[in-house]
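The values are calculated or read from the model by the stated rules, or taken from the named source; none is laboratory data. As the structure is a computational prediction, the values presented were derived from the model and not from experiment. In case anyone asks, the SASA skips ligands and DNA or RNA and just uses the protein heavy atoms, side chains included. Shrake-Rupley method; radii C 1.70, N 1.55, O 1.52, S 1.80 Å.
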Amino acid sequence: MKKWLVLCVCAAALLAGWRPAPREPEGLALVRVLGADGPGPVALTAVCGGEGREAPSRGRSAGESFDAALEGLPWSGEEELSLTSVSYLVVGRDVELREVLLAVLRDRELGASATVWLAEEGAAALLDRCPDPAAGLDLLARQGVEAPTAAQALARLEGGEVLSLPLLAGDRPALIDWEEWRPADGL
């Protein structure tokens with residue numbers, strides 16, 4: 001009896017840790033990187049993961065606010081874009097970061113776990129140059145670059161703390177420095 005109990009507990013533990021890799025349903029592309037530029041109008045750039053694809057799907061949308069731009073984003077590419085798998089949020093220097101982070105945390109699809117990165121020349125410019133930004137950001141994370149999550153970044157800003165964001169440039173993207181974002185006056 002004890003052997004069966006141990007086997008059942010081990011099997012349950014193994015199954016609890018197993019998760020299938022996210023796959024794209026037919027006609028739906030999973031956005032891995034979301035870029036945001038501008039205080040208003042806000043311009044969003046979405047790039048899907050390039051795993052198993054020749055080139056990642058992309059989409060663009062603009063609106064008077066982050067929420068307005070986000071509304072049109074799912075239908076802005078060649079296929080419908082899903083925001084349920086966003087891992088990376090890349091922002092330009094001109095973005096109203098607090099407002100973007102609040103919108104990200106309020107949106108049920110985006111969630112709080114996407115890490116926040118700063119693009120030297122703007123998010124759209126960086127994401128347009130990079131063939132697969134998700135792979136480049138995955139590599140930086142594996143190399144030990146620890147960007148704050150959206151929730152951590154907002155908590156620091158709301159707490160009056162200085163937020164340090166990894167600064168990206170190039171066409172891979174590459175970490176070139178860390179830049180401080182101050183709660184009261186932006187960068």
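Worth pointing out:
- Rounded, prolate or oblate (a/c below 1.5 giving rounded, otherwise prolate when a/b exceeds b/c) for the range 33-187 by Cα gyration tensor: oblate
- Convex hull volume per residue in cubic angstrom - Cα atoms of the range 39-126: 94 Å³
- For the pair Glu64 and Asp171, the difference between a 0.36 nm per residue extended length and the Cα-Cα distance amounts to 35.7 nm.
- Contour excess over end-to-end distance, with Cα ends at Ala112 and Ser164 and 0.36 nm allotted per residue: 17.0 nm
- Ligands, DNA and RNA are left out, and with a 1.4 angstrom probe the accessible area of the range 41-136 is 45 Å² per residue.
- Sulfur and carbon atoms: percent of accessible area, the range 100-160 [1.4 Å]: 48 percent
- For the range 109-160, alpha-carbon Rg relative to the globular expectation (2.2 N^0.38 Å, N residues): 1.27
- Net lengthening on full extension, Arg182/Ala151 (0.36 nm per residue, minus Cα-Cα): 9.5 nm
- For Val95, the amide hydrogen comes within under 5 Å of the amide hydrogens of Gly38, counting only partners 5 or more places away or on other chains and with H modelled in the peptide plane.
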